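Here is the structure we will look at, set down as structure tokens.
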Amino acid sequence: GGLMQFGPSRLELTESGGWQAADFAAQLLEKGTATTQTGGRRGAEQPQTVTLPKGRPFLVGCGLFRPHLPFYAPKEFFDKFPTDEMTGLNRAELDSIIADLKDLPAGGRRFSDYEGGKLKQVMENARKVGGAEAEVQAWRELVQAYLACVSFADTCIGRILEGLEESPQKSNTVVVLWSDHGFHLGSKYHVAKQALWEEAN
């Protein structure tokens, strides 16, 4: 794929698609009806109103894109995870991760990003900008962006659960939450999934 992208979004929380989806689901639960916002990514879609069926069971599904690449989230979520407090992500740890790759068989090496992949791309870009000492800061910023996206998704889920709490169905509704895979953030010199190591699975 293209360049790995991450960082604070230009959008405020209420302008973001994830929040709008969560808020829509919450309003649907609270009031029994909700109307979509217009002017999303695809332009001026017509607003649509959805109403829950009265006296019948129903399913409300709400998909949240984050945490997913590119790691964009409103800035307030980045502020929760200052990179200067990520002391465990340091040069010694990065060197240890690289040294650990030496005894990997070829089949395992192809899952690492050391010879090609997302983390190599991030590190090469960091070295171009600030030399080898910029690698640790780039790693921290990548982890910060992932954590910001997780926190953003958590806030969206919280909004849905608030809607349920205010709804007439709060005592007889089942909530199911699931995700599709884990995510490497540097272990085995790897970022993302597409690997058979524990973090991805």
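Overview of results
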item	result
Under 24 Å between alpha carbons - lysine pairs in the chain that sit 8 or more apart or on different chains	15
With Cα atoms, 0 to 90° folded angle of helix 17-31 axis to the chain main axis	30
Mean separation of Cα contacts under 8 Å, 6 or more apart, over the residue count of the chain: relative contact order %	30
For the stretch 127-133, 3J(HN,Hα) per residue [Karplus equation, 6.51 cos²θ - 1.76 cosθ + 1.60, θ = phi - 60°, Hz, x = Gly/Pro]	5, 4, 7, x, x, 4, 5
Protein accessible area in the stretch 68-201, 1.4 Å probe - carbon and sulfur %	53
Theoretical FRET efficiency, 1/(1+(r/R0)^6), r = Cβ-Cβ of GLU165 and GLU133, R0 41 Å, to 0.05	0.25
In Hz, Karplus ³J(HN,Hα) per residue of the stretch 117-126 (6.51, -1.76, 1.60; θ = phi - 60°; x = Gly, Pro)	x, 5, 5, 4, 4, 4, 5, 4, 5, 4
Packing-based order for 119-127, 48-56, 22-30, using average beta carbon neighbours within 10 Å, highest first	22-30, 119-127, 48-56
The stretch 52-106: C-alpha gyration tensor shape, a/c 1.5 cut-off, then a/b vs b/c	oblate
Spatial separation of Cα centroids for the stretch 66-110 and the stretch 159-181, in angstrom	32
Degrees separating the helix 91-100 axis from the principal Cα axis of the chain, which is the longest one	80
Global geometry of the stretch 99-180, whether rounded, prolate or oblate, following the gyration tensor of its Cα atoms and the 1.5 cut on a/c	oblate
Approximate shape of the chain as ellipsoid semi-axes (Cα gyration tensor, √5λ), whole Å, largest first	39, 19, 15
Positive-end residue, the stretch 15-114 charge dipole about Cα centroid, Cβ charges, pick of GLY61, GLY17, PHE111	GLY61
Sparse-neighbourhood loop sites, GluC sites (Glu not before Pro) in the stretch 79-121 - DSSP loop, at most 13 other Cβ within 10 angstrom	GLU115
Modelled label reach - VAL176, point 7 Å along Cα→Cβ, the stretch 52-89 residues with backbone N closer than 17 Å	57-64
Estimated 222 nm signal from helices in the chain, with DSSP H stretches of n ≥ 4 weighted -39500 (n - 2.57), rounded to 500	-12500 deg cm²/dmol
Principal-axis tilt of helix 134-165 within the chain, Cα atoms, nearest 10 degrees	20
Among ASN125, GLY32, GLN144 the positive-end extreme of the charge dipole of the chain (Cβ point charges)	GLY32
The chain - accessible surface per residue (Å², probe 1.4 Å)	62
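The values are calculated or read from the model by the stated rules, or taken from the named source; none is laboratory data. On a predicted model such as this, the values are computed, not experimentally measured, just so you know. Every residue, glycine among them, receives a Cβ derived from its backbone with ideal geometry; neighbour counts consider all protein chains shown. For accessibility, only protein heavy atoms count, side chains too; no ligands or nucleic acids. Shrake-Rupley method; radii C 1.70, N 1.55, O 1.52, S 1.80 Å.
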